[in-house]
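The values are calculated or read from the model by the stated rules, or taken from the named source; none is laboratory data. No experiment lies behind these values; they were computed from the predicted model shown. Quick reminder, even Gly has a Cβ in these numbers, built from the backbone with ideal geometry, and neighbours come from all protein chains shown. For accessibility, only protein heavy atoms count, side chains too; no ligands or nucleic acids. Shrake-Rupley method; radii C 1.70, N 1.55, O 1.52, S 1.80 Å.
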Amino acid sequence: VMKILITGAGSVMGQSICKALSMYNFGEKLEIVFANSEFICSGFNFAQKGYPIVDCVVFPLASDEKYIDFLKSYVYENDISIVFSGT
């Protein structure tokens, strides 16, 4: 299983990344985690067939001084393979 984190999931960029992932065969099961600074935009509504969104996480704003440390901790603690930045 390849775990992918998409930040800024509620943005046009984040949604486009998810759509692009649904068009490519990675040869293994994907688990997608959506992150956004607001829960309503963090995205269970964007799930694509074959690429389930397994979690939606509220992150600090990208401009927040705690953002990078939060991101690093989340990636490490959740065994994230790839981070796509939509922020």
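General remarks:
- Among the residues of the stretch 1-20, those that are assigned to a helix (DSSP H, G or I) and open to solvent by 100 Å² or more (accessible area, probe 1.4 Å) comprise Val12, Met13, Lys19.
- Looking across the stretch 1-34, the residues that are of a type in the set (Ser, Thr, Tyr) and more than 20 Å from Asp79 (Cα to Cα) come down to Ser11, Ser16, Ser22, Tyr24.
- Scan of the stretch 21-73 for residues that are loosely packed, with under 12 Cβ neighbours inside 10 Å, assigned to a helix (DSSP H, G or I) and either under 13 Å from the mean Cα position of the chain (by Cα) or at pLDDT below 85 (or both), ordered by number: Phe39, Ile40
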